[in-house]
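Just below is one structure, and these are the notes that go with it.
The values are calculated or read from the model by the stated rules, or taken from the named source; none is laboratory data. Since this is a predicted model, take the numbers as computed values, not measurements. No Cβ is skipped: glycine too gets one built from the backbone with ideal geometry, and neighbour counts run over all protein chains shown. Only protein heavy atoms, including side chains, enter the accessible area calculation; ligands, DNA and RNA are left aside. Shrake-Rupley method; radii C 1.70, N 1.55, O 1.52, S 1.80 Å.
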Amino acid sequence: MRWGLDEADFPFHCSEDLWPQKRKLYDGKCNNLESGNRSVIPMESGSVLQFLDNKSIFVIGATGFLAKIFVEKILRVQPNVKKLYLLLRAEDSKSATQRFHNEIIGKELFKVLKEKWGNNFNSFISEKIAVVPGDISHEDLGLKNSKLEKELRREVDVVVNSAATTNFDERYDVALGLNVLGAKHVLDFAKKCAKLKVFVHVSTAYVAGEKSGLILESSFSMGKTLNGVSGLDINVEMKVAEEELKQLQAQGASEKEITLVMKDLGAERARLFGWPNTYVFTKAMGEMLVGNFKGDLPLVIVRPTIVTSTFKEPFPGWIEGLRTIDSVIVGLGKGKMTCFLGNPKVTIDLIPADMVINAMIVTMMAHANQSCDDAIYHVGSSLRNPMNSLNVHNFSYHYFTKNPLIDRNGKPTKTRKLLILSTMSRFRLYMKIRYSLPLKGLYLLSKLCPRYFTKVYNINDHKIKSVMRLAELYRPYVFFKGIFDDINLERLRMVAKESGMDLEVFNFDPRFIEWEEYFTKIHIPGLTRHVIRC
């Protein structure tokens with residue numbers, strides 16, 4: 001059997017029929033923006049590079065995709081940064097340093113920086129980077145080196161928290177520990193830093209759940225739910241997960257059984273309060289905590305949409321792992337996908353990773369030493385440079401037709417257009433006819449000849465159930481009907497431009513992207529170079 005769907009094969013979309021509503025709302029906000037309200041964006045005088053000069057930045061979750069690009073960018077454009085402290089989950093300095101070399105500095109991402117510094121690269125890195133072993137799921141970030149902890153509290157000017165589990169189907173206890181409690185632990189540590197100028201928390205635009213229409217850059221008050229159901233208490237959620245885990249362990253459940261139950265628990269609690277999955281639910285609770293307990297600390301919450309490969313920096317097309325839409329592209333290129341679930345007419349919100357980083361750095365500078373409400377920024381493209389999911393399919397098909405992948409036998413793979421399944425009912429019917437009915441025949445054979453067919457039946461039965469689970473998990477996103485407003489970011493662009501800020505170095509305007517060129521000359525070639533293995 002050949003399977004047309006796999007994890008992350010479900011890109012996020014937004015319906016084109018919302019454009020009139022979106023345009024009306026947006027035009028009103030733009031008129032307000034032009035009328036003089038741009039001054040609400042705080043801004044230190046001087047350039048971004050001046051702001052970064054001699055600063056110490058504490059990066060949490062440093063092995064993550066965005067964090068690595070952030071580190072590389074700072075080192076490349078402002079070598080006079082004082083220090084980058086990188087928190088890595090590790091037991092001790094030795095294992096943290098090993099992770100740093102293997103998972104960060106050893107990546108091709110740093111090749112431009114290595115070429116720039118040549119033989120002095122290692123000494124430059126030693127001078128500018130300090131590796132910090134720790135764990136955000138523990139208080140004080142699990143720091144065991146008291147001397148290093150005191151140094152951090154004394155020296156750090158900026159804290160950037162990009163640590164998270166991004167698995168939609170994560171265990172509830174794990175997601176709570178990292179995305180919720182972890183965010184609170186990072187904030188608590190940041191508040192103890194004597195020189196701290198700003199705290200940047202990286203979230204996701206999809207904390208909006210299944211909202212439709214224009215989704216504003218608004219904050220979450222403590223206990224606020226998406227469906228109006230009362231009773232969301234983060235402490236209660238922690239206890240629910242803890243008690244469930246204790247009960248499972250007391251019953252002698254296996255680790256596999258515990259994982260399945262805890263995944264189901266997270267999905268159940270998320271749906272109870274209106275979120276479609278554990279990931280966005282716990283990220284929303286993390287936002288509630290940092291927003292509620294920030295006090296006078298300058299806080300910026302950055303909400304990217306679907307992050308893709310780099311647009312320009314440090315070079316076009318760098319990517320690590322398969323992002324959300326990339327499994328579809330890869331499956332099509334390998335000729336292993338047969339269908340695509342989703343409405344082809346809806347808008348998919350993508351943003352290159354380097355634009356996200358540039359937005360983070362500029363917002364960091366803009367809000368330094370400024371304590372204000374609602375410093376929330378959507379970083380995406382659906383409002384200003386929309387593209388529908390059918391384009392992704394067509395761009396990929398045409399690219400692989402001209403540039404086929406080479407399989408293990410040295411032969412070019414055959415690319416074919418996918419069957420578009422635009423509703424869940426069509427998807428279920430397709431799965432039934434193509435897979436479930438043949439599986440019933442295989443089941444009968446397994447009863448007649450269990451020695452030969454039972455294992456094959458069990459494997460394929462598991463695959464079907466896994467695909468159906470994934471389809472239900474990603475269903476809210478493949479038919480997503482929201483457009484992410486980015487008026488705060490647009491206002492910041494305008495203020496920065498008027499201030500003479502170096503926006504060529506820190507470009508985060510999605511209108512610069514020509515999507516067909518980006519996909520066919522940057523993103524897909526980047527995937528084939530850095531990720532795809534035939």
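Below is a table of values for the structure above.
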| read-out | value |
| --- | --- |
| Highest-first arrangement of 305-314, 266-275, where packing means the average Cβ count within 10 Å | 305-314, 266-275 |
| Magnitude of the charge dipole, segment 370-493, Cβ model with Lys/Arg +1 and Asp/Glu -1, debye to 20 | 1140 |
| Label-point separation, Lys336 to Asp296 (7 Å along Cα→Cβ), nm | 5.7 |
| At q = 0.07, 0.11, 0.13 Å⁻¹, base-10 log of I(q)/I(0) for the chain (Debye sum, equal scatterers on each alpha carbon) | -0.41, -1.05, -1.45 |
| Largest to smallest accessible area among Val379, Val77 [probe 1.4 Å] | Val77, Val379 |
| Ala130 long-range amide H proximity, modeled H, under 5 Å | Leu84, Tyr85, Leu86 |
| Whole-number accessible area per residue in Å² for the chain, which is evaluated in the context of all protein chains at 1.4 Å | 43 |
| Residues with amide H under 5 Å from that of Phe340, placed H, sequence gap 5 or more | Leu419, Ile420, Leu421 |
| Rounded to the nearest 20 debye, dipole of the chain from Cβ charges on Lys, Arg, Asp, Glu | 1960 |
| Calculated from backbone phi, Karplus (6.51, -1.76, 1.60) coupling profile of segment 190-196 in Hz, x at Gly/Pro | 4, 5, 8, 7, 4, 9, 4 |
| Value of relative contact order over segment 42-531, rounded to a whole percent, pairs C-alpha under 8 Å and six or more apart | 18 |
| Lysine-lysine proximity count for segment 105-150, Cα under 20 Å, sequence distance 8 or more or distinct chains | 7 |
| Cα lying deepest toward the dipole's positive end in segment 273-373, options Val330, Ile348, Met288, charges on Cβ | Val330 |
| Karplus (6.51, -1.76, 1.60) ³J(HN,Hα), θ = phi - 60°, over segment 390-400, in Hz, Gly and Pro reported as x | 5, 4, 4, 4, 5, 4, 5, 4, 5, 5, 6 |
| Segment 134-211: relative contact order in percent, alpha carbon pairs under 8 Å with at least 6 residues between | 43 |
| Relative contact order (%) - criterion: Cα under 8 Å, at least six apart; region: segment 300-380 | 54 |
| Set of lysines near Lys411 by C-alpha distance (under 16 Å), chain-local residues within fewer than 8 positions excluded | Lys334, Lys336, Lys402 |
| Of all DSSP beta bridges in the chain, antiparallel share, percent nearest 5 | 5 |
| Dipole axis of the chain (+1 Lys, Arg; -1 Asp, Glu on Cβ), positive-most option in Val379, Asn119, Gly134 | Asn119 |
| Rounded to whole Hz, the Karplus (6.51, -1.76, 1.60) HN-Hα couplings of segment 81-93, x for glycine and proline | 4, 6, 7, 10, 8, 10, 7, 10, 5, 6, 6, 8, 5 |
| Solvent-accessible area, 1.4 Å probe, carbon plus sulfur percent, for segment 211-347 | 50 |
| Whole-Å distance, taken between Cα centres, linking segment 183-258 and segment 272-301 | 6 |
